[in-house]
Structures are given as structure tokens and as C-alpha cells.
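Just so you know, all these numbers are worked out from the coordinates, no wet-lab data involved. On a predicted model such as this, the values are computed, not experimentally measured, just so you know. Neighbour counts run over all protein chains shown; Cβ positions are idealised from the backbone, glycine included.
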Amino acid sequence: MRSGLPDMIPISASLLAADYARLGEEVRRAEAAGVDSFHFDMMDGHYVPNLALAPDHLKMLRCHTKLPFCAHLELENPDEVLSRFKEIQADMLIVQWNTLANPTHTFARIRSQNTKVGLGLNPDDTFDKVEHYFGDLDLLLLLGVYPGFGGQVMQPGMLEKIARARSLAGGLERHLTIAVDGGVNSGNAVLLAEAGADCLIMGTALFQSPDMAQFIGSIRESVAESLRR
Ligand code: DX5
Ligand code: ZN
């Protein structure tokens, strides 16, 4: 097993693919099946051509589980809404790189709200300007798809991008979790983990699996087996 990697690869359930009419039940179903956290895509119809979850969803679902809640702010101006999360028990806020006017300031504001800091990169974003900030982050989210919709196919080049991020994050004091979001499924999970991803964010593949617990178990088993080799 690669050092630093937990025995079971963490899986975060992206609620964008859940049944919106039964979100509380979906959260409980995913927890019972073994996910480690929940991923809330918040979309404003400007940064991405879609509208999705809002802070109130996170607030209202809090009573259904104690697992961590991560809000992925796919919004044109995340700084405007950060304070909305003060009263809500979000465990992590993930902001998109190309929405930040002053990354240091935004990361500090998020941390001052006792919330972990995540940074999301689009498929076209490179690391040259971003790596400087890795030490400020708890999680780097590499989008495998152009943001806005679930159920898309992962863009090429992700394995190389993950491996590069893992190597750049090597000497940091705080462990940087490298998460992949978009297009993750049972066919690519092992390759993503072998490349260096240590969190898989899954929507469509997870919520559409006929047996979620079996699906999670089999991904974890294949990942653990491949990393033991
Ligand atoms: C894309 C979102 C993803 C999305 C992933 O804008 O950030 O979290 O829900 O969905 P799947 O797993 O269906 O590709
Ligand atoms: Zn997301």
C-alpha cells in the first residue's frame, strides 16, 4: 500500500445525481452503503450553465447524517456567499480556481469559519500558478469533466494530471488530499487511485448502481488489491 493512503479509499457521494425528491433518504441510503462524506454541487447558472443545490439543502440534510459535508461552489462569485456557511455545519468548502480574485484571502476566510479548504481545478487549468497555494489547502479537487452536469465521460489526460499533482504535493507539511470529481466509475477507479488520487467523488455511477453497498465494496477491494501489489 502506498504510504499515507488509508486502507479503504474514501468515496464521497455527489448528491447532484441523487433523487432530489427524496434527498434525506438518499443521504441515509448512501451512508448505510458505506460512503465517507457527501459532496454538494452548488451551481448558480452563471459559472456553469446549470442550477443545483443551495446552502439550505446542506442545512436541512444535516440531521440525516453525521458524515462530513463538502460544498463545491461552482459559482461565479464564491466570496459573496462564504458567510452563508458560517451558521451551517459544512466541513469543507471547495472553491474553483478561476473564480478567485485573491486566493489567499478566500482560503483564509474559509479557514476562519473553522471549515476545511478545498480548491477545484477545471480540466484546462494547469498547476503553474496554483501549486504555490497547495500548502494552504486540505483538498485539491481535479475535475474530470467540464463542470455543470453529472453523467459526463472523463476527459483524457487525468491520470497524468493526478500523478503530477501528487508529486508536487509531496513535500508539504499538511497532507493534501487529491480528489477526482466527474466521470469517476468502476472502470477507472483503480487507475485513478494508482495515479495518486486519494478520494473519489462519485455521482451517477454511485446512485445508479443497482446495489450501492456492493458497488462501493468492490471498488474498495480492487483499489486496495492494486495498491498492495
Ligand atoms: C460536476 C460536478 C460533479 C458531478 C459529478 O460539475 O462537480 O460533482 O456531480 O458527477 P458524475 O459522478 O455523475 O460525473
Ligand atoms: Zn462537484
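Before moving on, here are some points about what is shown:
- Flag if ALA52 is over 23 Å from ASP79 (Cα atoms), surrounded by 19 or more Cβ atoms within 10 Å (Cβ to Cβ) and among the hydrophobic types (A, V, I, L, M, F, W, C): no
- Residue within the range 93-110 that is within 10 Å of ligand 1 (Cβ to nearest atom) and surrounded by 14 or more Cβ atoms within 10 Å (Cβ to Cβ) present: yes
- Top-ranked residue of the range 122-167 - restricted to ones that are surrounded by 19 or more Cβ atoms within 10 Å (Cβ to Cβ) and among the charged types (D, E, K, R), ranked as farthest from PRO103 (Cα to Cα): LYS161
- Inside the range 168-215, residues that are surrounded by fewer than 17 Cβ atoms within 10 Å (Cβ to Cβ) and in contact (Cβ under 8 Å) with a residue 12 or more places away in the chain make up a count of 10.
- Residue pairs whose Cβ atoms lie under 9 Å apart, sitting 6 or more positions apart in sequence or on different chains, and linking a residue in the range 44-62 that is touching a residue at least 60 places away in the same chain (Cβ under 8 Å) to a partner that is aromatic (Phe, Trp, Tyr), are VAL48/TYR146; VAL48/PHE149; PRO49/PHE149; ASN50/PHE149.
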